[in-house]
Amino acid sequence: MFRFEDPIYLYLLVLIPILALVRFVSYRNQRKRLRQFGEPELLKQLMPDVSRFRPLVKFGLLLGALALLIVMLARPQLGTKISHEQRVGIETIIAMDVSNSMLAEDVIPSRLDRSKMMVENLVDHFTNDKIGLIVFAGDAFVQLPITSDYVSAKMFLSSISPSMMVSQGTDIARAVEMATHSFTQEEGIGKAIIVITDGEDHEGGALEAAKAAKDAGMRVYVLGVGSVNGAPIPISGTGDYMKDNTGNTVMSALNEEMCKQVAQAGGGAYIHVENNSAAQQQLDNELDKLAKKETTTTVYSEFDEQFQAVGILVLLLLIIEICILDRRNPLLKRISLFKQNAKGQMINDK
């Protein structure tokens with residue numbers, strides 16, 4: 001497996017086309033100034049040893065060396081050892097509600113942000129478990145396939161927002177159905193579906209979907225986020241709140257009854273997220289009841305530095321650049337690899 005230890009330095013490669021453009025403009029201006037002294041053909045005869053292409057070749061070699069030096073700074077590495085680690089854990093699919101109602105601020109800073117913090121804490125508590133991420137509103141899609149890569153899980157988590165969903169609403173049934181098909185084919189391992197929502201189910205069918213997941217050997221847990229008293233839904237960037245067709249402010253409240261029914265149908269548990277630590281502890285206790293199984297995970301380790309090979313290429317380019325003179329080599333003046341024209345003149349623009 002190939003990687004860069006410090007890929008941030010690769011942004012310096014933008015200097016290459018900038019320098020090439022500067023050199024092109026400089027070359028054009030130089031040609032214009034030469035034309036002020038006379039015709040190009042006459043200047044060639046007056047300056048027979050001047051090469052038009054050698055300086056360009058030398059500049060190209062220097063650009064190549066600079067690009068490779070930047071690659072060296074990024075520290076290219078190659079994973080030379082593949083180990084197959086045995087891990088004992090469970091599989092968890094998190095289905096996160098990203099409907100507009102999750103923007104309500106009856107919990108600080110908002111229902112959605114509180115949900116993200118909850119998932120981040122959950123990932124931090126995982127060690128040998130696998131995790132997947134589904135986002136849903138009026139529809140659902142897999143944001144992260146089930147994996148042991150917790151870094152990627154956190155990265156995808158940070159980009160979640162209601163704007164990523166074309167269809168608004170809350171279809172819990174769709175999210176649970178998609179989660180049931182997102183696990184691996186491993187048998188004998190505990191599989192948990194964690195639905196994080198405010199329980200405003202607009203489509204129906206959630207209880208049937210949860211029961212089907214339970215019958216398939218999975219457990220459905222529901223984390224309820226929000227207040228039963230309700231709160232208005234802010235419209236991002238306007239400072240105003242969402243209104244219905246009659247002009248009244250829409251109030252969104254946590255539907256605890258729906259959340260409890262879904263969790264019960266799915267053979268899991270309902271947890272009201274008021275205090276993240278308490279909810280996390282309760283969820284951990286529930287997940288610990290699931291069967292754990294030893295699974296094999298492929299891991300790349302012992303990454304070897306590869307900058308030495310790049311450094312050799314840099315040295316070769318610099319040596320070649322030094323050996324190439326700006327002018328034609330007087331010792332090779334009589335040697336020509338090009339044909340002559342009818343008048344016996346060399347067709348050689350070097």
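The listed residues are Gly190, Gly199, Gly205, and the only one of them that is farther than 22 Å from Leu254 by Cβ and modelled with pLDDT under 95 turns out to be Gly190.
Comparison of Ser167, Ser161 shows that the only residue that is under 21 Å from the mean Cα position of the chain (by Cα), of a type in the set (S, T, N, Q) and closer than 13 Å to Val135 by Cβ is Ser161. With respect to the stated conditions, Ala153 is at pLDDT below 90, among the small types (Gly, Ala, Ser) and assigned to a helix (DSSP H, G or I).
So for the stretch 121-141 (the condition being crowded, with 18+ Cβ neighbours inside 10 Å, assigned to a strand (DSSP E or B), aromatic (Phe, Trp, Tyr) and over 26 Å from the mean Cα position of the chain (by Cα)), does at least one residue qualify? No: zero hits.
The values are calculated or read from the model by the stated rules, or taken from the named source; none is laboratory data. None of these values were measured; they are calculated from a predicted model. A quick note on method: Cβ atoms are made from the backbone with ideal geometry, for glycine too, and the neighbour counts reach across all protein chains shown.
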